[in-house]
Amino acid sequence: MTSFPKGFIWGTATAAHQVEGGNTASDFWPLEMAPNSIFAEPSGDACDHYHLYDRDIALLQQLGFGAYRFSIEWARIQPEEKFFSQAALDHYRRVLGTCLTHGIIPMVTFHHFTSPLWFTRDGGWEDKSAVDRFARYCERAGKALGDLIAYVCTINEANLPLMFTRYTELARPWRRSRRISEVARSIGADPERFAPFLFGNANLAAPNLIAAHKKGAVAIKATGCTAPVGITLATQDFHAEPGGEAMAKQLDHHINGQFFEAMRGDDFVGVQTYSRTRVGARGPLPAAEGAETTQMGYEFYPEGLEATIRNAAKVSGCPIIVTENGIGTEDDARRIAYTERALKGVLRCIADGIDVRGYIHWSMMDNYEWREGYRPRFGLIEVDRTTQQRKPKPSAYWLGEVAKHNAL
Ligand code: BGC
């Protein structure tokens, strides 16, 4: 079989902070600007997608894609706890309208790593108040935008902080990072309460993230928004090496299973997989010696996607959408090879009766890869960040053709 089911969704993804530029009210901005920053470089103007979205969405249509997954930025919409910006909501209405004009299905993520600074300096996701705060934002944004949205992803990779924590914990108990605390002090925040999504205590945050997803989904639906609502997860394909079986099982439940279980009954689960993780008796291991690795240091292992789709579908019982999959590489031919192999895995899942509804590639364009800065190249489209010119890579044309034909 080389064809995908009728109506299969083909798209590409971005996240606001990684492409828009100038996200100054967010918690990541001071973290990136700090003199002793843990980030390779600041995000700055990024790809200026905030102003160039029209051009970018038109290009997606030309290439043959039918969907665009992007995030709306909470820090722009609610830059202060007491203030929701109508101008920011209007901006995102224009972005959604542009998608619809170009025949592109908009899939909207409400939280993709960044939060408003006021939220993070007051306990962020570690504090129980996060649940109501997030639901309130969902309600406001849902009311303003819900009629134009086709799919909602509440929180991106809600299990990712736990993955970082779990890995660190294997060596030593979780501690607030000294450099993150320094940034907190420099902006007059209490370092004990300053908890950015990626760098807080995930053991405290995880239950709040799950509860916030649930309450946020209810709040969005209550606005009359009829779009399917789901969460996206950094789904991990754990491979036990000899002696690592028990540890791999434990990690699988901690990072994947407990989240899949919590999502039972949801409209869909978003699967996001980039590689696999080998596991020894004491925890995760680096890629094997001699294995091909990507710019992120991950093993080149496209089959990880098939494994995580199977796992997510089985445990959650939900329809699956691949909301991210891709590779950081300078060699675009390897991107095509990677994606083709990953898609063959998706086809095998579908042939086995698994309800996979779409494939969204990360990323539409080269962008800000968080702590790594602009070095890793995940984009189907190259960006010259001085002129903000876009240039589709061969992989963009290749995947666009796959999308047009709905077949490999
Ligand atoms: C995140 C993206 C990130 C990508 C590549 C995912 O974990 O959702 O924001 O750029 O992986 O590392």
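The values are calculated or read from the model by the stated rules, or taken from the named source; none is laboratory data. Keep in mind that this is a model prediction, so the values were computed, not measured. All Cβ positions, glycine included, derive from the backbone under ideal geometry; neighbour counts span all protein chains shown. Areas reflect the complete protein model, heavy atoms only, side chains present, ligands, DNA and RNA absent. Shrake-Rupley method; radii C 1.70, N 1.55, O 1.52, S 1.80 Å.
Tally the residues that are buried (at least 24 other Cβ atoms within 10 Å of the Cβ) and within 11 Å of the ligand (Cβ to nearest atom), restricting the search to region 364-376.
Of all residues in region 364-376, those buried (at least 24 other Cβ atoms within 10 Å of the Cβ) come to 364-368.
Subsequent filtering for residues that are within 11 Å of the ligand (Cβ to nearest atom) retains 366-368.
Residues meeting the conditions: 3.
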Practice task
Working only within region 378-388, note down all residues that are in contact (Cβ under 8 Å) with a residue 24 or more places away in the chain, touching a Ser or Thr at 6+ places or on another chain (Cβ under 9 Å) and crowded, with 24+ Cβ neighbours inside 10 Å.
Solution key: F378, L380
Practice task
Considering each of G230, G188 in turn, give the residue that is open to solvent by 10 Å² or more (accessible area, probe 1.4 Å) and either in contact with a strand residue (DSSP E or B) (Cβ under 8 Å, 6 or more places away or on another chain) or farther than 30 Å from L285 by Cα (or both).
Solution key: G188
Exercise for the section: For I309, state whether it is at pLDDT 95 or above and open to solvent by less than 20 Å² (accessible area, probe 1.4 Å). Expected result: yes
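Suppose the filter is touching a residue at least 24 places away in the same chain (Cβ under 8 Å), closer than 26 Å to A158 by Cα and touching a helix residue (DSSP H, G or I) at 6+ places or on another chain (Cβ under 9 Å); does A25 pass it? Please lay out each step first, then the result.
Numbers: touching a residue at least 24 places away in the same chain (Cβ under 8 Å): yes; closer than 26 Å to A158 by Cα: yes; touching a helix residue (DSSP H, G or I) at 6+ places or on another chain (Cβ under 9 Å): yes.
The answer is yes for A25.
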Fill in the blank from the handout: If you go through A184, A248, A219, the only one that is closer than 30 Å to L145 by Cβ and either within 24 Å of the chain's Cα centre (by Cα) or touching a residue at least 60 places away in the same chain (Cβ under 8 Å) (or both) is A219
Completion exercise
For I336, the lone unmet condition from (1) of a type in the set (A, V, I, L, M, F, W, C); (2) surrounded by fewer than 21 Cβ atoms within 10 Å (Cβ to Cβ); (3) away from the ligand (no atom under 16 Å from the Cβ); (4) within 19 Å of the chain's Cα centre (by Cα) is (4)
Handout entry: Boolean, S115 is among the hydroxyl-bearing types (S, T, Y) and more than 16 Å from the ligand (Cβ to nearest atom)
Key = no
Practice task
Report yes if T114 is outside any helix (DSSP H, G or I) and not acidic (D, E), otherwise no.
Solution key: yes
